[in-house]
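Asks: Got a structure here, written out as C-alpha cells. Questions coming.
The values are calculated or read from the model by the stated rules, or taken from the named source; none is laboratory data. Quick caveat, the model's predicted, so the values are computed rather than measured. In this analysis, Cβ positions are derived from the backbone assuming ideal geometry, glycine residues included, and neighbour counts consider all displayed protein chains. Keep in mind that these areas ignore ligands, DNA and RNA; they rest on the heavy atoms of the full protein, side chains included. Shrake-Rupley method; radii C 1.70, N 1.55, O 1.52, S 1.80 Å.
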Amino acid sequence: MASQKLTEYERQRLENIKRNAEMVAALKLHSKAATLSAATAKRHRTKTYKASPEKKPKTETPIVIRRSLRTRGMPPDSKGLPDDFSDNFDKTPKSVSVIKPQSPRVLGPISMVDAFSGDDETESNKMLVGTILSIAKETQVGVSVKDVKDEIFSEKGALGSCKSEGFESLGTETVDENLSGKRKLVKGVVKTEYLDGLVKIEKSDQWLESLDLKPENVARLLPGRIMVVKFFPCSSVRMIAAGNKFGNIAFWNVDSDNEKEDGIYLYHPHTGPISGILIHQHSMSKIYSSCYDGFIRLMDAEKEVFDLVHSFDDTIFSLSQQPNNSETLYFAEGRGGLKVWDIRTGKSSKNWMLHEDRINTINFNSQNPNIMATSSTDGTACIWDLRSMSAHKLKTLKTVSHSRAVHSAYFSPSGSSLATTSLDNKVGIISGVNFEDACMIYHDNWTGRWLSSFRGIWGWDDSYIFIGNMKRGVDVISPSQKRSVMTLQSPEMSAIPCRFDAHPYEIGMLAGATSGGQVYLWTPC
C-alpha cells in the first residue's frame, strides 16, 4: 500500500513537534522534573515529641435512663408544691459563689518515670538519664573549660568543623585593662578570655551571614507556647531543654540517632507555665526549674526524680543563679519580691522588695557576680550591687526607665553593657564605666496575647543582639551602629521565634523557640 502523501499543513505540524521536542531536550526539563519529584518524595520529616493519649478509666457506675411516670405506667404525683414554697424561694440566695477547682499540686518528689509523657517511659527515661550523666561526668572529669575553648578554633580559622572567611588574622596583640580579661592573638583569631569561660570573637558580617537553618535542626519539642529555652553548657553533646505554659519540660538531644524518639523526651513535673530552667556548668546532672504554680523542683538525674525544693502560694516569675555559685538560687516571687534561697540549708537567707510589679528576669554580671540586673513590668530595669544591699537599704546603681513593661535585662558577655527589651518598642543599650551611657533602638516588640514576649539576648561577644520579629525572622542588632544590621530568615521557619539562647561553647549556634512548641537551631555553615 503506497504511503499517503502529506499535506503542507501536516508537514509543518510534524516539523513543529520535532522542533519543540529538541527545545525541551536542550533545556533538560524532563530530568529537572524527575529530580524535583524525587526531592519532594524525600522531603525531611519534622522531628516532634511523642505523647501518649491519656486513657480515661472506665466507669463502673451503670448508666440509668430517666423515664417519666407516664411512660412507666404510673399515676402522677398529686402532692403538689409544699405550702412554704414561696418562703423557701425568697430565702434562696440570688447568687451562689462557685468554688473553682484548683490544679492538683504534688507536695513532694515525682519520679521521672511517672512524669514522663509518652510510650515506653522506662526505656526512654533511661536513655535520657544516661546521656545527662555521661555529659556531667565528662565535664567534671575529662574536659575543662579551657580545653573546650581551645577546641573551638582550628588552625585554618575554622569555627568548629565549619570554615568561615570572616575569621582573618588581625595582626596585632592588644591588652584590655578592664574587667574583660586578657586579649591575646591565637592562631590568627583575636579572642578574649572572660572569667566565666566564654570567648570573644571579632567577626565580620560575612561570618554572620553564614548562619543557616537546616531541616534536621527543626523540631517540635512541646505542645503550646514555649516560655524558656536553654542549652546544656557542654561541647560534647548538643542538648536543649525547654519549658512551656502547661508545665511541661522537654529535652532534645540534637545529635541523637534514635529514629523512634527523635532524641526528644517530654516530662510534666509542673502544673503551670515554666518560668525558669537552670543548668549549671559544674553540676549538669541537677537541673532546677521554676513555675507559676509557686514550685521550684530539682531534676536529679542520679536519683531519677523531680524533687521539691521550695513551694510558695504566690507565683514565681523568674529564676537565676550566680555564675560562680551553684549553691544559691535567686527567684522572683509575687509583685516585685526577690528571694535568695540557700540550697544547703533549705531556707531563705534574704528577701527584698525591689520593684512595684513582677520581676521578669534576673541576670548577673559575668565579670562581677555581685552585680545583678532585674527587669520588671513596672517599666524599669535596675542594676544592683548585692554587697551593699540590706533589708533597710535598697539603692540601685542604675535605673533604666521605659514607658511600658520591661521583659528582659541581660548583661553582655564582657559585662560592660546591658540590653533591655520593652513593650514600648525599644531595645535599650546601657554602657559606660558606670553604665552612664544609654541609647534606645526602635524595634517592634508588640507580640500580642498569643505569643511569648520578645527578649533580646547577646551573642558570643558584645557585637550583636539577637531578637525575634513578627515576620518569622531573627533581627540582628548592632549596639555600635545602633540599628538592626540584618535579619536571619529561612523557609524552614513556619512560626515567629520569641525566646532565644546562644550556645556558650559553640560559636554561631543559636536556638529560637516559638509559641507553637517548635525550636529552630541555627548553625554556621
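Asks: Say we look at region 404-454 and pick out the residues that are basic (Lys, Arg) and over 21 Å from Ala332 (Cβ atoms); which of these is least open to solvent (accessible area, probe 1.4 Å)?
Replies: Lys426
Asks: Only one of Ile343, Ile362 is open to solvent by 40 Å² or more (accessible area, probe 1.4 Å) and in contact (Cβ under 8 Å) with a residue 24 or more places away in the chain. Can you tell me which?
Replies: Ile343
Asks: Return the pairs, sorted by first residue and then second, in which the second residue is among the β-branched types (Val, Ile, Thr) and not in a strand (DSSP E or B), the first residue lies in region 367-388 and is in contact (Cβ under 8 Å) with a residue 24 or more places away in the chain and open to solvent by less than 20 Å² (accessible area, probe 1.4 Å), the beta carbons are less than 9 Å apart, and the residues are 6+ apart or on different chains.
Replies: Cys382/Thr396; Ile383/Thr396; Trp384/Thr396
Asks: Let me ask another. Can you tell me which residue within region 135-163, out of those that are in a helix (DSSP H, G or I) and surrounded by 15 or more Cβ atoms within 10 Å (Cβ to Cβ), is modelled with the lowest pLDDT?
Replies: For region 135-163, the residue satisfying everything is Val145.
Asks: Something else: Can you pull out every residue in region 219-236 that is of a type outside the set (A, V, I, L, M) and either more than 11 Å from Ala513 (Cβ to Cβ) or in contact with a Pro (Cβ under 7 Å, 6 or more places away or on another chain) (or both)?
Replies: Answer for region 219-236, where residues must be of a type outside the set (A, V, I, L, M) and either more than 11 Å from Ala513 (Cβ to Cβ) or in contact with a Pro (Cβ under 7 Å, 6 or more places away or on another chain) (or both): Pro223, Gly224, Phe231, Phe232, Pro233, Cys234, Ser235, Ser236.
Asks: So, in region 41-73, of the ones that are open to solvent by less than 70 Å² (accessible area, probe 1.4 Å) and within 48 Å of the chain's Cα centre (by Cα), which residue ends up modelled with the lowest pLDDT?
Replies: Only one residue tops the list, namely Ser52.
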